[in-house]
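Some notes on the structure that comes next.
The values are calculated or read from the model by the stated rules, or taken from the named source; none is laboratory data. Since this is a predicted model, take the numbers as computed values, not measurements. Virtual Cβ from ideal backbone geometry, glycine too; neighbours counted across all protein chains shown. These accessible areas exclude ligands, DNA and RNA; they are computed on the full protein's heavy atoms, side chains included. Shrake-Rupley method; radii C 1.70, N 1.55, O 1.52, S 1.80 Å.
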Amino acid sequence: MKQHFDILVIGAGPAGIAAAVRAAESGARVGLLDDNPAPGGQIWRKGAALPAAARDWIAKLDASPVVRLHGWHVFAHPASGVLMAESTAATDREAAELHYDKLVLATGARERFLPFPGWTLPNVMGAGGLDAMVRGGLPISGKRVVVAGTGPLLLAVAAHLAHRGAKVVAICEQAPVGRLAAFSLRLLDQPGKVMQGINYRWASRNARFHTGCWPIAANGQGSLESVTLQRNDQQWDVACDYLACGYHLVPNLELPVLLGCRIQNGFVATDKWQQTSIPGVLCAGEPTGIGGVELAILEGQIAGLAAADRISVASGLVQKRSRFQGFVRALANAVELDPQLRTLPSAETIVCRCEDVPFHVLGGYSSQRDAKLHTRCGMGPCQGRICGAATQFLFGWGADSVRPPVLTASFSSLAAASCAAGHASNDILNQNRKDTHTL
Amino acid sequence: MPDPSISLLVNGASVSVTPGTTVAAAILMSGPRARISVTGEPRAPLCGMGICFECRATINGFAHRRSCQVLCEPGMDVRTA
Ligand SMILES: Cc1cc2nc3c(=O)[nH]c(=O)nc-3n(C[C@H](O)[C@H](O)[C@H](O)COP(=O)(O)OP(=O)(O)OC[C@H]3O[C@@H](n4cnc5c(N)ncnc54)[C@H](O)[C@@H]3O)c2cc1C
Ligand code: FES
């Protein structure tokens, strides 16, 4: 398949949907691509009652002429103005060559995972991870769940799981109570968020809420049976069926980096119109800073309007967006990781789950790249998406440079990408032959 | 809860799920793991969102599909390691 779009939006979360809808108002031919089977991104996932804003934006999308490509992931950027995508459907590996004049990257964020003994056991998942599995049909009623990690996601997940009939036995937030109190005060000018927090806590009121507390081990034979929690110098075991543990979010930067966008302090640098350092490439939502759904929608709208050259309409929204800047900073401070979490892994704890690389072999390397070459850490199918954020925190390594493809793809798709690059070079193929084999 | 209305096979055993259920959820309903790691550990979904590749399984003969990104369809044949 080969298609051309005036404006192509990657990521159909709140930011991407808003960008595509506003861009299409101008009559431009707009494409919206996402690797999930349906629009909504992380927060507007099916399987839960959607809030009014979500229903509203999805209805606008349904009514728009936007060309939707659900179930495709972008894996390469073979030439300027071209992206390659591969189908994520069960039974085909079709490749698509997508040409664009303007590109909006709305690739969102993923959870940060920190390794600790037992974290590779089945039924130890991310907080958003278990939530997504439940929305995807995993029965949770009557199951005992410990929710742990850091960030506002924990309460949202606990509330949703409790609503679905789970017994949330404990919620463990690594941040100390003082920092959370300061964050709550900062929120007082955002009454909507305060109410949401109160509602979430009410919904999960039967669970113990511990601050300055985290799991130090997940225990069980073949599958999870209990977790060991630690707070100050106290340790205790809690029996459970699932541990939902995520340490806030990290932006999905692979695609922006692949396109050459400048990264500043760990996020994509944009100007007031969401324009990145690469002309014609805009970015909106979590990759520019973790700020939640309202900010993602605003940024998406600004990016969509700016990509369609409707700057005058966008300028009204730029003012609104500035109100969120304080929130983004306050949230980042509130969820800052306790340095003690660096001592979580034991020598044998696996850090890279794809290649089963244990913690003890990773000491002594100076960068992710160095460790990757010598230990295969970050070499597997996830391409360092899980262990990269962990090693950054554990060892202070910077992010590895991104080489195509940003996700493993089949040989036929890689060949198609090589053709699209318009040259005979098989660089991409050669670089990845090894990785694809490890799948 | 609506009646389960999709039947598929996970490692040869029939599993019934409601429409909209992911293959990863169907795998966990029928057993504790999705794959065996390179050192022989059992593994199951971690991220639920297509990032970690811990949920990969063979679906209708296609190997290494991320099962959390695929919805169940009637008669699907899913195999885990
Ligand atoms: C697992 C998880 C669960 C969350 N749950 C909640 C919650 O319950 N409540 C809450 O308030 N906030 C939640 N959040 C926070 C949430 O991310 C934001 O509030 C909001 O979704 C941000 O919108 P976005 O459009 O920027 O990104 P997202 O919603 O993350 O959307 C980005 C989309 O881009 C897609 N994508 C990325 N790269 C590619 C590629 N290469 N090819 C194709 N598609 C791609 C992703 O699959 C995703 O669908 C959650 C976050 C995560 C990671
Ligand atoms: S559970 Fe992580 S990719 Fe499916």
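Karplus-based coupling profile of the range B:23-30, in residue order and whole Hz: 5, 4, 5, 4, 4, 5, 5, 10, with θ = phi - 60° in 6.51 cos²θ - 1.76 cosθ + 1.60 and x standing for Gly or Pro. Our summary of shape: the Cα atoms of chain A have principal axis extents of 60, 51, 38 Å, ordered from largest down, in whole angstrom. Listed values for the range A:235-241 are Karplus-derived 3J(HN,Hα) couplings in whole Hz (6.51 cos²θ - 1.76 cosθ + 1.60, θ = phi - 60°), namely 9, 8, 9, 10, 6, 7, 9, and x replaces Gly and Pro.
Counting 0.36 nm for each residue step from residue A:26 to residue A:340 and taking away their Cα separation leaves a gain of 107.8 nm. Dividing the convex hull volume of the alpha-carbon atoms in the range A:246-286 by its residue count gives 73 Å³ per residue.
When only Cα pairs below 8 angstrom with a gap of at least 6 residues are kept, chain A shows a relative contact order of 18 percent.
Heavy-atom surface analysis with a 1.4 Å probe gives chain A a carbon and sulfur content of 53 percent of its accessible area. Taken one residue at a time, the phi angles of the range B:62-73 give Karplus couplings (6.51, -1.76, 1.60, θ = phi - 60°) of 8, 7, 6, 7, 6, 5, 6, 9, 10, 8, 5, 10 Hz. Gly and Pro are set to x. Using a probe radius of 1.4 angstrom, the carbon and sulfur fraction of the accessible surface of chain B is 55%. Straight-line cross-link partners of residue A:102 among the aspartates and glutamates, defined as a Cα under 14 Å from its Cα and at least 8 positions apart when in the same chain: A:6, A:309. Provide a list, ordered by number, of residues in the range A:64-107 showing at least 20 Å² less accessible area with every protein chain present than when their chain is taken on its own, using a 1.4 Å probe. Hits at the 20 Å² cut-off: A:88, A:90, A:91, A:93.
Candidates A:311, B:59, A:73 compared by Cα position along the dipole of the protein assembly as shown: farthest toward the positive end lies A:311, with charges placed on Cβ. List the residue ranges in chain A for DSSP H helices whose C-alpha atoms run 20 angstrom or more along the long axis and whose Kyte-Doolittle average is 0.5 or above. Helices passing the filter in chain A: A:293-307. Counting only the Cα atoms, the range A:113-247 fills a convex hull of 100 Å³ per residue.
Based on the Stokes-Einstein relation at 20 °C and a viscosity of 1.002 mPa s, and on the Kirkwood radius from alpha carbon pairs, the range A:46-187 is assigned a translational diffusion coefficient of 114 µm²/s.
Burial here means at least 50 square angstrom less accessible surface with every protein chain in place than with the chain by itself, probed at 1.4 Å; in the range B:33-50 the buried residues are B:38, B:43, B:46, B:49. For chain B, the orientation-averaged shadow of the C-alpha convex hull comes to 5.1 nm² (one quarter of the hull surface).
Using only protein heavy atoms and a 1.4 angstrom probe, determine the accessible area buried between B and A, summed over both sides, in Å² to the nearest 100.
The buried area between B and A, both sides summed, comes to about 3300 Å².
Once the Cα-Cα distance is subtracted from the 0.36 nm per residue extended length, the residue A:55 to residue A:370 segment shows a gain of 108.7 nm. Label-to-label distance for residue A:278 and residue A:348 is 4.5 nm, based on points extended 7 Å past Cα in the beta-carbon direction. The accessible-area loss of the range A:133-147 on complex formation, taken against its chain alone with a 1.4 Å probe, reaches 50 Å² or more at A:133, A:136. Over the range A:1-80, the ratio between the Cα radius of gyration and 2.2 N^0.38 Å evaluates to 1.09. The magnitude of the dipole of the range A:345-395, with charges of +1 and -1 set on the Cβ of Lys/Arg and Asp/Glu and taken from the Cα centre, is near 180 debye. Within the listed set B:17, B:70, B:38, the Gaussian network model of chain B (springs between alpha-carbon atoms below 10 Å) gives the highest mean-square fluctuation for B:38. For the range A:36-123, the fraction of C-alpha pairs more than 23 angstrom apart is 45%.
Each semi-axis of the equivalent ellipsoid for the range A:345-395 is √(5λ) with λ an eigenvalue of the Cα gyration tensor; in descending order they amount to 14, 12, 10 Å. In a simple Cβ point-charge model (Lys, Arg +1; Asp, Glu -1; nothing else charged), the protein assembly as shown has a dipole of about 660 debye relative to its Cα centre. Summed over the residues of the protein assembly as shown and divided among them, the accessible surface reaches 39 Å² per residue at a probe radius of 1.4 Å. Near residue A:116, once Lys and Arg are set to +1 and Asp and Glu to -1 for all other residues with Cβ below 12 Å from its Cβ, the sum equals 0. Backbone N atoms of the range A:14-45 closer than 17 Å to the 7 Å Cα→Cβ label point of residue A:3 belong to residues A:16-25, A:27-41.
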